[in-house]
Amino acid sequence: MPHFAIKLVEGKTEDQKKQLAAAVVKAAKDVIGYNDDAFSVTIEDVSRETWFSSVYPKDIIAKKEILYKEPGY
């Protein structure tokens, strides 16, 4: 079953996170199918410092073989 783990630099509201989760699920349903019940989404807030010291090197750069969209920074 599809699970999406999203990491964001802190500062987004709970409403924005709920809208993001719903939009991700809707887009995935449109592309790969499945019912709403099949999906799960986690959203983790991280500091800007953690983003550049941990998320960027460990979750983005180190996983280039499974990275489908590169950041532009």
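Computed over the chain, the P(r) curve from all C-alpha pair distances, binned at 5 Å from the origin, holds 3, 14, 21, 21, 22, 14, 5, 0 percent per bin. Here the sum of -39500 (n - 2.57) over DSSP H runs of 4 or more residues, divided by the residues of the chain, equals -9000 deg cm²/dmol at 222 nm, to the nearest 500. The residues LYS69, LYS12, LYS17, when put in order of fewest to most other Cβ atoms within 10 Å, stand as LYS69, LYS12, LYS17. By the count of other C-beta atoms within 10 Å, a proxy for reagent exposure, ILE66, ILE60, ILE32 are ordered fewest to most as ILE66, ILE32, ILE60.
Computed over the chain, relative contact order equals 45 percent, with contacts defined as Cα pairs under 8 Å that lie 6+ residues apart.
Every number here is computed from the coordinates shown, using simple stated rules; none is lab data. This is a predicted model, so every value here is computed, not measured. Methodologically, a virtual Cβ is constructed for each residue, glycine included, from the backbone with ideal geometry; neighbour enumeration extends over all protein chains shown.
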